[in-house]
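Notes follow once the structure below has been shown.
Quick note: the coordinates plus some simple rules give every number you see, no bench work behind them. Being a predicted model, the structure only gives us computed values, none of them experimental. Quick reminder, even Gly has a Cβ in these numbers, built from the backbone with ideal geometry, and neighbours come from all protein chains shown.
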Amino acid sequence: MRLIRSLALAGALSCAAPMALLAPQAVASSETEAWAPETFTLENGMEVIVLPDHRAPVVTHMVWYRVGAADELPGKSGIAHLFEHLMFKATDDIPAGEFSKIVARNGGQDNAFTSWDYTAYYQRVAVDRLETMMEMEAERMTDLILSEDQVLPERDVVVEERRQRIENNPGAILFEMMMDELFEGHPYEIPIIGYMDEVTQLTLQDANDFYGYWYGPQNAILVVAGDITAAELRPLAENIYGSIEPTADLEERVWPEVQPLAESMTLTHSDPKVRQEEWDQYWQSTSYSVNTETLEPHALDLAAQILGGGRTSRLYQELVEEQGVAVSAYAFSWTDLRATGLFGMGASPAMGVDLETVSEAAHAVLADFIENGPTEEELARAQSSMIASSIFQRDNQASMAQLYGSAAARGDDLDRIATWPQEIESVTPEMVREALARYIADQPSIQTQLLVPEES
């Protein structure tokens, strides 16, 4: 899964930690009580989620905005990501570049990230510094200074970021080509970092319009996880965030329907910078946000784990261990997008093996998996592995804040986070086979080939 992982860092997310693309993995049922969310809404419309965790006097403070790359106006790609940068510039009371320094001086850590579906900002600090973090976040929600001296140099930073992460990354270029075809006509076809020719044309007016419309309390979610209760947080939230006036009457976020891929295709990209060739295949699938009535997203996540989730997976065992035609083999399932999902598999060939040989071997493994489904033993291992990962995640305060915040920003039912382990456990081999039959078998797909140029 090397290509997907590198792309998540290079262009699919603007974030130091690519947690935003992880499937929802909640805590095991025996431990959910400790993370039971307490929620309330301020009079200005700002939603608040509190996740008490009293093991240490530390909190994770996050503010989520229901706006991402998918909400950008035509021709304005990259503005959501640019604005993530601008939020660290000067406000009325905080000089440019000082926000993170103040967090650090208070013994904390901070960062931000942008996805197609949302933008989020967070700090992790001792609980006695929480009020300071809230005041700082409220300050940049209301009093960010936008001027050409602030916006245009930061736009140039993003241009250079795109040049380094995308233009100089053959795998990222190929991934953009794929997304442009797989989600043609839908905002997910647009890279989060934006198209180069559009980012370079973003203006101060664009920034002002974006800030004025999207960055208000009525479009924000406050998530605080850690050594605090809702009763303790409420007066702080009401005093600091509750006094902020809504900035705009937001229209409902309505995106075009994801159109089914009309036909299968193969995309190739060769570049002298390629050191390891790679073959991948992608299908449209479904997501937890879209598919709330069935366990198909769960089944697809389990299918990816069984098919290509590590050295014991079917693809790795057959292509790498048995046939020796690949040096890596993997599968992946993106089921945490608001509008749709993505399922894929891929492999990197061994020395002297061409991509056609690798793809044929992978297709044989997939065909058997689709026809017969997983064994009881395979499914049980995958279920145990995913639930164990969710229990481990429960020990990470920031991960839980991330999980609940992203779900709320997508408009998901927060109660399903607690029931996720039981839902995973209830998936049967037949459910996996049926999900593969519906979304993968005989469905149009896109294959990509990352190539080393032929010698002239």
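Structure summary
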read-out	value
Antiparallel %, DSSP beta bridges [both residues in the range 265-451], to 5	75 percent
Listed residue (Ile192, Gln150, Gln443) projecting farthest to the positive dipole end of the chain, Cβ model	Gln150
Antiparallel bridge percentage (DSSP; both residues within the chain; nearest 5)	80 percent
Cα-centred dipole magnitude for the range 111-170, charges only on beta-carbon of K, R (+1) and D, E (-1), debye, nearest 20	340 debye
Highest average packing first - 298-307, 42-51, Cβ atoms within 10 Å	298-307, 42-51
Packing-based order for 259-265, 123-129, using average beta carbon neighbours within 10 Å, highest first	123-129, 259-265
Overall form of the chain per C-alpha gyration tensor (a/c, 1.5; a/b vs b/c)	oblate
Cβ-based net charge around Glu154, under 11 Å, with every Lys or Arg adding one and every Asp or Glu removing one	-4
Qualifying lysines (Cα of each under 20 Å from Cα of Lys89; at least 8 residues distant if same chain)	Lys101
Among 400-412, 351-363, 244-256, 104-116, the order from most to least packed when residues are scored by Cβ within 10 Å on average	400-412, 104-116, 351-363, 244-256
